[in-house]
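Everything on this sheet refers to the single structure shown next.
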Amino acid sequence: MLYPTHLIKINNRFYYKIKVPVDLKHHFPCTFIKKSLKTSDLRAAKTMMVAMEYNIHRSYALLRTGMLPDDIIRKVVEEIVPIKQKVAVVGANLLSAYQSGKDRFEQASI
(Lines give C-alpha, C1' and ligand atoms only; values in the text may rest on other atoms or scores of the structure.)
Protein backbone atom coordinates (compact mmCIF):
# COMPACT_ATOMS: atom_id res chain seq x y z
CA MET A 1 0.00 0.00 0.00
CA LEU A 2 1.22 3.51 -0.78
CA TYR A 3 1.44 6.03 2.04
CA PRO A 4 2.05 9.79 1.99
CA THR A 5 5.62 10.99 1.76
CA HIS A 6 7.55 10.63 5.04
CA LEU A 7 5.07 8.09 6.41
CA ILE A 8 6.26 4.50 6.72
CA LYS A 9 4.80 1.41 8.34
CA ILE A 10 6.93 -1.06 10.27
CA ASN A 11 5.43 -3.98 12.22
CA ASN A 12 1.92 -2.51 12.02
CA ARG A 13 3.10 0.86 13.45
CA PHE A 14 3.45 4.12 11.56
CA TYR A 15 6.63 6.18 11.65
CA TYR A 16 7.53 9.61 10.36
CA LYS A 17 10.86 9.56 8.50
CA ILE A 18 12.62 12.47 6.84
CA LYS A 19 16.16 13.10 5.63
CA VAL A 20 18.12 15.91 7.28
CA PRO A 21 18.87 18.60 4.69
CA VAL A 22 22.48 18.80 3.54
CA ASP A 23 22.94 22.36 4.80
CA LEU A 24 21.85 21.36 8.33
CA LYS A 25 23.68 18.02 8.67
CA HIS A 26 26.38 19.54 10.88
CA HIS A 27 23.76 20.23 13.57
CA PHE A 28 22.38 16.67 13.71
CA PRO A 29 23.90 13.38 14.93
CA CYS A 30 22.10 11.40 12.20
CA THR A 31 21.23 11.54 8.49
CA PHE A 32 17.56 10.63 8.90
CA ILE A 33 15.01 11.58 11.52
CA LYS A 34 12.64 8.73 12.33
CA LYS A 35 9.97 9.01 15.01
CA SER A 36 7.23 6.60 15.96
CA LEU A 37 3.73 7.99 15.66
CA LYS A 38 2.61 5.27 18.10
CA THR A 39 -0.42 4.28 16.08
CA SER A 40 -1.50 1.64 13.63
CA ASP A 41 -4.41 3.74 12.33
CA LEU A 42 -3.66 5.38 8.96
CA ARG A 43 -6.05 8.29 9.50
CA ALA A 44 -4.49 9.15 12.88
CA ALA A 45 -0.99 8.74 11.43
CA LYS A 46 -1.74 11.21 8.63
CA THR A 47 -3.00 13.77 11.16
CA MET A 48 0.08 13.35 13.38
CA MET A 49 2.33 13.47 10.32
CA VAL A 50 1.05 16.96 9.43
CA ALA A 51 1.91 18.25 12.92
CA MET A 52 5.31 16.53 12.83
CA GLU A 53 6.03 17.98 9.38
CA TYR A 54 5.19 21.48 10.61
CA ASN A 55 7.42 21.20 13.70
CA ILE A 56 10.39 19.83 11.79
CA HIS A 57 10.23 22.43 9.02
CA ARG A 58 9.82 25.20 11.62
CA SER A 59 12.96 23.93 13.35
CA TYR A 60 14.82 23.80 10.02
CA ALA A 61 13.84 27.42 9.36
CA LEU A 62 15.08 28.48 12.82
CA LEU A 63 18.40 26.73 12.29
CA ARG A 64 18.84 28.28 8.85
CA THR A 65 18.57 31.84 10.22
CA GLY A 66 22.11 31.54 11.54
CA MET A 67 21.25 33.91 14.39
CA LEU A 68 20.72 31.38 17.19
CA PRO A 69 23.28 30.91 19.97
CA ASP A 70 24.74 27.41 20.40
CA ASP A 71 22.64 26.53 23.46
CA ILE A 72 19.39 27.34 21.62
CA ILE A 73 20.56 25.36 18.58
CA ARG A 74 21.12 22.35 20.86
CA LYS A 75 17.61 22.72 22.31
CA VAL A 76 16.02 22.97 18.87
CA VAL A 77 17.87 19.85 17.69
CA GLU A 78 17.02 17.95 20.90
CA GLU A 79 13.32 18.69 20.33
CA ILE A 80 13.57 16.84 17.04
CA VAL A 81 16.11 14.16 17.97
CA PRO A 82 16.19 13.56 21.73
CA ILE A 83 19.63 12.62 22.98
CA LYS A 84 19.59 9.56 25.21
CA GLN A 85 21.65 10.18 28.29
CA LYS A 86 23.41 7.36 30.04
CA VAL A 87 22.99 7.17 33.78
CA ALA A 88 26.23 6.27 35.46
CA VAL A 89 26.48 5.17 39.06
CA VAL A 90 29.91 5.59 40.54
CA GLY A 91 31.23 3.64 43.50
CA ALA A 92 30.34 6.19 46.20
CA ASN A 93 26.81 6.65 44.88
CA LEU A 94 26.34 2.89 44.63
CA LEU A 95 27.46 2.41 48.23
CA SER A 96 25.16 5.17 49.52
CA ALA A 97 22.22 3.78 47.51
CA TYR A 98 22.90 0.33 48.96
CA GLN A 99 23.16 1.71 52.49
CA SER A 100 19.94 3.77 52.26
CA GLY A 101 18.08 0.77 50.84
CA LYS A 102 19.44 -1.45 53.59
CA ASP A 103 18.38 1.09 56.24
CA ARG A 104 14.84 1.27 54.82
CA PHE A 105 14.61 -2.52 54.77
CA GLU A 106 15.76 -2.78 58.40
CA GLN A 107 13.24 -0.13 59.50
CA ALA A 108 10.39 -1.86 57.67
CA SER A 109 11.17 -5.23 59.26
CA ILE A 110 11.23 -3.82 62.83
Test of understanding: what is the full-extension gain from residue 71 to residue 24, defined as 0.36 nm times their sequence separation minus their Cα-Cα distance? 15.3 nm
Long-range amide H contacts for residue 37: which residues qualify at under 5 Å (H placed 1.01 Å from N, peptide plane, sequence gap of 5 or more or a different chain)? 14, 15, 16
What residues from segment 1-37 fall in the zone where the backbone N is under 11 Å from a label point 7 Å along the Cα-to-C-beta line of residue 83? 28-29
Cα-Cα over 20 Å: which of 25/46; 25/75; 17/38? 25/46
Solvent accessible area, Å² - residue 5, 1.4 Å probe, full protein context: 100 Å²
Counting only residues 5 or more apart in sequence or on a different chain, those whose built amide H sits under 5 Å from that of residue 20 are 32, 33
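The values are calculated or read from the model by the stated rules, or taken from the named source; none is laboratory data. Remember, predicted model here, so these are calculated numbers, not experimental data. Virtual Cβ from ideal backbone geometry, glycine too; neighbours counted across all protein chains shown. The area values use the complete protein model at the heavy-atom level, side chains included, leaving out ligands, DNA and RNA. Shrake-Rupley method; radii C 1.70, N 1.55, O 1.52, S 1.80 Å.
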